[in-house]
Amino acid sequence: MRQSIVQPLIAVSLCLCLLLGACAPRNETPGAPFLPEASSTISQPSPESSFAVQPYTQREMNLEDWWDEYLFDAAYSLQSDYPTIPQMDTGVMIEYCGKKMYRDGVLAQAGKGVGDSLLPKDTLNEYMLRYFNRPLSQLDTLKLENEDATALLYYINTHGIDETDESVGYLKNGPFTLTDAQPAEDGKFHLTIEVEGSQTETFVMAPHLDREGYYFEQVIIDYGQTPESITLSGNYLQVPSLLGFSPSHGSGRLYSYGEIAGRILLVSSQRDSSLVSMSLVSSQDLSEIKKEISLSKEETFISATACESRILFVTSQRLITMGADFSDYKEVSLPQTLMRSIHMGSDDYARLTFNTDLSQAVYCNHQGVCLYDFPTDQATLLLEHPDYNPNAQGKEMIANKTYGSAQFIENDTKILANIYGYEHTAGRTIYDLATKEAKTVEDPWLADYLVVEDGKGLSFNAYDENTAAVYHHWTDMETGEEHPITFPSGLKDIQTIVSEDKGTVLIFGSTGNRHYELYKMNLQTMEPEKTDFLFTGTDPYIIGACNNGNFMFLYFDLDGGPGAYILAKT
């Protein structure tokens, strides 16, 4: 009995020491940063096969051959503009090959019931080489392997896959129609698919040199919506890639987790990947320091936090801390009490937000808003979800109201949690840790963005369903009184709002026609002040703000232009 008590206490004590160490100042020598690459193109890897000295003579292909043998299954699945196939998602390639395996009768059980299909690795490797010229060993598939690592578990949607007779001769699949096949250099072909509207897709097919057949080398998408010329004015810096991602692939994959020692912490983690990629990006020149952390098969990335002098990295099994340049790596096991409390089922875990000294973490699980205290190893339910039926189906789900995005505010004395309804923000609740009292402010305006500082709640893009009007306002969290926020140029589409420091926020919004302006607003006066930075021509994708007042985002053209990562200096 004594051993069963002592061991958890030792584990929690080690965990607490690690966290306290994460806050302690350290005199560390920064590593050498990697300057941004001039190009984000990834070179084509060599396949695991030997090529013949004389290239194989390929048979002639007509449109029907190209459509039936390659593009019918590619029209829907390969829906991204990939500079090279190595940048294509692992899941996209596996799904395409899985459908081909099913058609060929080597995946007979695929899609017959709810769950995963079993894809034998040796057979899948043959299909990967055939259609993508990549061996399976070059893909990150650890989390998809079965128990004896001989096959991958992956759900292949085979609905309608047997209806191939409808495609033959028609060259059409839904809105996609194959219209042309043009020979190119080195025996390649450019296959053009027209999509209903103005979009076209070009599939670059390269011939195998040692056997019959072609493989996908590149996918080029022309959205047919050439934007106005991209213009930027003011003080800014731009680079073509970060963390190895071109802008079109960084959108939705790179997330900011705060700033440390003048560098923004960017993290990329894909659901089925066993690698988490991180980069510390300079808020002055966008140079990078990179790091990868490997996960076990059963391990899931949860969150990362940039503290004053240490980086805290949390998985479903470990707490990891590193120095301001990813040096001085230390790890301990995640306390079992916390692990059980944040587990939401399968590989889904609640996201943790820590207080300043990292002694406590707040999160939202199936019950509501919870607080975990590291010194005592206690998890406490602070607020139950306002109205939550976990078994709700169909229209009943619309009535659900749950807490989310919990965070510490006002010097860690209170906790803010948003109330989410069906596809909208329904309000927010502030919980006072000292008095244990909660105050809720409903938000009838369906606001998109909210930041609370100094007792003020800021809501942007608030939509009045009755008048169809859009408002920006701030709310006194003590009295509930609302006050309008107005902009000299009448911004009606606030893209983001991010904290610059304790007393100022940055506001990036559009006046229409893809013209964006950047404002600063003092939280005492609540008066927005326009900066010199302007961006026009397409829509930005926000990364985050820096403590020095600079602002980071990316853009890419609708017509397939390369885009860039931008650091706006305010």
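Which of the residues belonging to segment 224-253 are at pLDDT 85 or above, open to solvent by less than 30 Å² (accessible area, probe 1.4 Å) and not in a strand (DSSP E or B)? Listed by number, the residues that qualify are 241, 243.
Report whether or not residue 102 is under 18 Å from residue 152 (Cβ atoms), open to solvent by less than 10 Å² (accessible area, probe 1.4 Å) and modelled with pLDDT of 85 or more. Taking the combined requirement at face value, the residue does not satisfy it. Total residues in segment 400-423 satisfying the condition of being more than 27 Å from residue 360 (Cα to Cα) and open to solvent by 60 Å² or more (accessible area, probe 1.4 Å): the figure is 2. Scanning segment 498-542 for residues that are of a type outside the set (A, V, I, L, M, F, W, C), farther than 23 Å from residue 248 by Cα and part of a loop (DSSP other than H, G, I, E, B) yields 502, 503, 524, 525, 527. Search segment 501-528 for residues being farther than 23 Å from residue 230 by Cβ and touching a residue at least 60 places away in the same chain (Cβ under 8 Å), and hand back the single one that is surrounded by the fewest Cβ atoms within 10 Å (Cβ to Cβ). Within segment 501-528, the match that is surrounded by the fewest Cβ atoms within 10 Å (Cβ to Cβ) is 524. Within segment 551-567, can one find any residue that is open to solvent by less than 30 Å² (accessible area, probe 1.4 Å), free of Cβ contacts under 8 Å to residues at least 40 places away in the same chain, of a type in the set (A, V, I, L, M) and touching a Gly at 6+ places or on another chain (Cβ under 7 Å)? No, segment 551-567 contains no residue that is open to solvent by less than 30 Å² (accessible area, probe 1.4 Å), free of Cβ contacts under 8 Å to residues at least 40 places away in the same chain, of a type in the set (A, V, I, L, M) and touching a Gly at 6+ places or on another chain (Cβ under 7 Å). Residues considered: 259, 292, 308. Of these, the only one that is outside any strand (DSSP E or B) and under 30 Å from residue 338 (Cβ atoms) is 308. Residue pairs whose Cβ atoms lie under 7 Å apart, separated by 6 or more positions or on different chains, with the first residue in segment 466-482 and free of Cβ contacts under 8 Å to residues at least 60 places away in the same chain and the second open to solvent by less than 40 Å² (accessible area, probe 1.4 Å) and assigned to a loop (DSSP other than H, G, I, E, B), are 471/464; 472/485; 473/485; 474/485; 474/526; 476/455; 477/455; 478/455. Quick check on segment 60-91: of everything there that is at pLDDT 90 or above, within 18 Å of residue 186 (Cβ to Cβ) and out of contact with any Leu (no Cβ under 9 Å at 6 or more places or on another chain), which residue is least open to solvent (accessible area, probe 1.4 Å)? Selected residue: 61. Checked against (1) in contact with a Phe, Trp or Tyr (Cβ under 9 Å, 6 or more places away or on another chain); (2) more than 26 Å from residue 364 (Cα to Cα); (3) surrounded by fewer than 20 Cβ atoms within 10 Å (Cβ to Cβ); (4) at pLDDT 90 or above, residue 285 passes all but condition (1).
Within segment 338-352, is there a residue that is surrounded by fewer than 17 Cβ atoms within 10 Å (Cβ to Cβ), without any contact (Cβ under 8 Å) to a residue 60 or more places away in the chain, over 22 Å from the mean Cα position of the chain (by Cα) and on the phi < 0 side of the Ramachandran plot? Checking segment 338-352: at least one residue is surrounded by fewer than 17 Cβ atoms within 10 Å (Cβ to Cβ), without any contact (Cβ under 8 Å) to a residue 60 or more places away in the chain, over 22 Å from the mean Cα position of the chain (by Cα) and on the phi < 0 side of the Ramachandran plot. On the given criteria, is residue 371 at pLDDT 95 or above, within 18 Å of residue 303 (Cα to Cα) and either touching a Ser or Thr at 6+ places or on another chain (Cβ under 8 Å) or open to solvent by 50 Å² or more (accessible area, probe 1.4 Å) (or both)? Yes; evaluated as a whole, the condition is true for this residue. Output the number of the condition that residue 177 fails; it satisfies all remaining conditions of (1) open to solvent by 50 Å² or more (accessible area, probe 1.4 Å); (2) modelled with pLDDT of 85 or more. Going through the list (1) open to solvent by 50 Å² or more (accessible area, probe 1.4 Å); (2) modelled with pLDDT of 85 or more, residue 177 breaks only (1). For segment 457-496, the candidate set comprises residues that are under 21 Å from residue 551 (Cβ atoms) and among the polar types (S, T, N, Q); within that set, the residue that is surrounded by the fewest Cβ atoms within 10 Å (Cβ to Cβ) is 489.
The values are calculated or read from the model by the stated rules, or taken from the named source; none is laboratory data. The structure displayed is predicted, hence computed values, not measured ones. Counting neighbours? That spans all protein chains shown, and the Cβs are built from the backbone with ideal geometry, glycine included. Surface areas here come from the heavy atoms of the whole protein model, side chains and all, with no ligands, DNA or RNA. Shrake-Rupley method; radii C 1.70, N 1.55, O 1.52, S 1.80 Å.
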